[in-house]
Amino acid sequence: MEPFERELLELICTTCNFDDVEMDKIDRHAPLIGPESPLGADSLDALEIAVTIQREYGVRMDSENTSRTVLQSLATLAQYVDSNRAH
Amino acid sequence: MRPGPLPDFSHTQSAHCESGVAASLLRHKGIEISEAMAFGIGGGLFFGYLPFIRLNGLPLVTYRSAAGHILKRISRIPGISMHQQKFRDKSQAMAALDDALAHSIPVGLQTGVYWLPYFPSALRFHFNAHNLVVYGKEGDEYLISDPVFPGPVRCPGEDLARARFASGALAPKGKMYYLTRVPENLERRSLIVKGIRSVCKMMLGSPFPLIGVKGIRFLANRLERWPDRLGKENAALHVGHVVRMQEEIGTGGGGFRFMYAAFLQESGVVLEDQSLADYAALLTQAGDSWRQFAVIAARICKNRARPEDTYTVMAESIRQCASLEENFFRELEGWVKKQS
């Protein structure tokens, strides 16, 4: 897992109160949201993640298609945030 | 009847099924149009809080116009003709679908989501106004462009027939539709102005207190009293339902406000009018405010509320949305008046 992906995972776990996640065991390509998510995140969590990402990094996810694509996995989220935030 | 050659139908994933299908059918006929533009000229934005209509025991809250409204407005555009048909009999309905496919015509269908087997079971719910396009048939399987999926899907005939005749609220009654004629070009200026005018009228001018900006304030007042009236658990169920209708069910987020902002932005480019882009920014602010409410609501629903997350704060947040939208629609109404 890349350092920035780890940073995002920690932010997600803090935001959504996922206390018992073994971060080192999370696959960066595993689904982030939905029944197959190792975090057990659902659509309400997805909403909070999207708003937190916007607040912390200034990157919007405001179309359903964007959210769907971006929140596929930790890897896709990291890539989207990294390429859209002001460096 | 044997299916005809498969039309070269291009699948595009969209946020909302009705505007997505409308845009796909128009594009197939050679009219280049985005989902946001179809949503805007179809007058798709709305707000209504209708507690006397219940969905799974919860009050109806809607952020978009009634099911079928967008397609109806698009079918009335000068130069566009749309064939629409409903059925009483399943086999007649499927035969009519096969007949259209035999002529290589992509067909829009209204269906019940619950009966479509390609939906993951977690996402199946009893919603009978889901639109999709059938563009071919192989054996007993129909080839479907379902706008909420990333790629084309397949569905056995028996399941599709059941989905077309789902019973309950908004029963599709086998409804099918397809475009028979389109103009060479859409005269976008008048369509944009008419679409915006109709939305402004509903949001500001409705005499009913449950509709438009008044309806948003009505929801705020009701929601504030939910914990006392319904109890903590039931209040959380109600608020979760409001958020799901706002952020899911193909809204594009912010209760369709972001999608409408995209429409205004695109319209600003088409009409070379910067003010529309400025209005889009105002509506995006309103969409963000809806999301702020939704985040508090989500924390309450997930039992991770912070001390400051209360129903009073949520109600205030919704009143803030109402004020932002009132200001936005007044400005937009002024713009419409200047166009005539």
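Nothing in this text is a laboratory measurement; each read-out follows from the coordinates by a stated rule. Computed from a predicted model, the values in this text were never measured in an experiment. FYI the Cβ positions are ideal-geometry reconstructions off the backbone, even for glycines, and counts take in every protein chain you see.
Some notes on this structure:
- Three-way shape call for segment B:1-134 based on the alpha-carbon gyration tensor, with the a/c threshold at 1.5: oblate
- Per-residue average of Cβ from other chains inside 10 Å of B:287-298: 3
- Computed over the protein assembly as shown, the percent of Cα pairs more than 36 Å apart is 29.
- Solvent-free Debye calculation, one equal scatterer per alpha-carbon of chain A: log10 I(q)/I(0) at 0.15, 0.18, 0.21, 0.22 Å⁻¹ equals -0.47, -0.70, -0.99, -1.10.
- Share of Cα-Cα pairs in segment B:153-238 lying beyond 21 Å, as whole percent: 68
- Straight Cα distances below 29 angstrom link residue B:194 to the lysines B:29, B:72, B:86, B:175, B:214, B:337, B:338, with same-chain residues fewer than 8 positions distant left out.
- Dividing the alpha-carbon radius of gyration of segment B:192-339 by the rule-of-thumb value 2.2 N^0.38 Å gives 1.11.
- For chain B, taking the reciprocal of the average inverse distance between every pair of different Cα atoms yields a Kirkwood hydrodynamic radius of 21.0 Å.
- Peptides A:18-28, B:140-150 ranked from most to least packed by the mean count of surrounding Cβ atoms within 10 Å: B:140-150, A:18-28.
- Residue mean of other protein chain beta carbons inside 10 Å, B:99-111: 0
- A straight line joining the Cα centroids of segment B:138-200 and segment B:69-131 runs 5 Å.
- Size descriptor, Kirkwood hydrodynamic radius, that averages inverse alpha-carbon separations across segment B:102-161, Å: 11.7
- Look at the stretch A:44-50: the mean tally of other chain Cβ atoms within 10 Å of its residues' Cβ atoms is 6.
- Simple Cβ-charge dipole of the protein assembly as shown, Lys/Arg +1 and Asp/Glu -1, about Cα centre, in debye nearest 20: 2100
- You can think of it this way: the chain between residue B:10 and residue B:50 has 10.7 nm of extra reach, that is 0.36 nm per residue less the Cα-Cα gap.
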